[in-house]
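Heads up, the thing below is written out as structure tokens.
The values are calculated or read from the model by the stated rules, or taken from the named source; none is laboratory data. The structure presented is a predicted model; accordingly, all values stated were derived computationally and were not measured. Heads up, the Cβs are rebuilt from the backbone with ideal geometry, glycines too, and the neighbour counts pull from every protein chain shown.
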Amino acid sequence: MSRVAITLDEHAHAELQRRAQAAKEPVARTAARLVRDGLLSTQAQAQADRDQPASATTPKPAEGRGAGSPGWLQPPGEQERWRRELWAAVSALAERYPRVFSKLVADWWTDRTLIEVLGALSAWRSGLDAGESADPRAELLFHDRLELLERQLTHAGDPTAARFTGGPPPSEWVT
């Protein structure tokens, strides 16, 4: 392991401090994680680009979805289907990673940030399970993100709040 020094403008430095505080970790550890994640994601993408023909590396929008609209975000006009799929994906993650998801509040679906994070994690897990990355560091990075989510859920949540247990999605969210 070696040390490096980086220069940040005041806005980037303030954001780094905010993220470190949110993660309840030292600024240097947060900076190291962000740099490592950025390097791994660009390296994994470069490897994927080399492993696939050019036509396969161009993402195709999902049916009824505009170009540039990521699958983990709710598409316009597909609320019920998308929300049911997300609920099922989060339930599957909760079953697979019970320690992390035992801290997820029952009404997570009322928090837009959690919806987007859980949607992104479920899409990432799905891609890993489908073998979309040949780089084992992508798996390690996913588990780092799970650990970070667990810390955030532990520190931000009300310890007396009801916890997510799966089951059918609430009708007031789906419709």
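When you look at ASP107, is it within 22 Å of TRP82 (Cα to Cα), in contact (Cβ under 8 Å) with a residue 12 or more places away in the chain and surrounded by fewer than 16 Cβ atoms within 10 Å (Cβ to Cβ), yes or no? Considered against the rule, which asks whether it is within 22 Å of TRP82 (Cα to Cα), in contact (Cβ under 8 Å) with a residue 12 or more places away in the chain and surrounded by fewer than 16 Cβ atoms within 10 Å (Cβ to Cβ), ASP107 comes out as yes. With the range 1-60 as the region, which helices (runs of 4 or more DSSP H) entirely inside it contain at least 2 residues that are modelled with pLDDT of 55 or more and more than 17 Å from the chain's Cα centre (by Cα)? Here the list reads 10-23, 27-51.
Residue-by-condition table, conditions (1) at pLDDT below 95; (2) surrounded by 14 or more Cβ atoms within 10 Å (Cβ to Cβ):
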| position | (1), (2) |
| --- | --- |
| ALA67 | yes, no |
| GLN74 | yes, yes |
| GLN79 | yes, no |
| PRO98 | no, no |
| LYS103 | yes, yes |
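Being surrounded by fewer than 17 Cβ atoms within 10 Å (Cβ to Cβ), out of contact with any Lys or Arg (no Cβ under 6 Å at 6 or more places or on another chain) and outside the structural domain of ARG29 (by TED's automatic domain parsing) is a description that applies to ARG84. Residues that are free of Cβ contacts under 8 Å to residues at least 12 places away in the same chain and either surrounded by 11 or more Cβ atoms within 10 Å (Cβ to Cβ) or among the polar types (S, T, N, Q) (or both) within the range 157-167 comprise just one, THR160. If you filter the range 123-142 down to residues that are within 12 Å of the chain's Cα centre (by Cα) and more than 20 Å from GLN74 (Cβ to Cβ), you find that the one that is surrounded by the fewest Cβ atoms within 10 Å (Cβ to Cβ) is PHE142. Restricting ALA156, ALA123, ALA130 to those that are in the same structural domain as LEU86 (by TED's automatic domain parsing), aliphatic (A, V, I, L, M) and modelled with pLDDT under 90 reduces the list to ALA156. Suppose the filter is within 22 Å of GLN74 (Cα to Cα) and not basic (Lys, Arg); does ALA120 pass it? For ALA120, the condition - within 22 Å of GLN74 (Cα to Cα) and not basic (Lys, Arg) - is met.
Taking (1) touching a helix residue (DSSP H, G or I) at 6+ places or on another chain (Cβ under 9 Å); (2) of a type in the set (Gly, Ala, Ser); (3) not in a helix (DSSP H, G or I) in turn, GLY77 satisfies each apart from (1).
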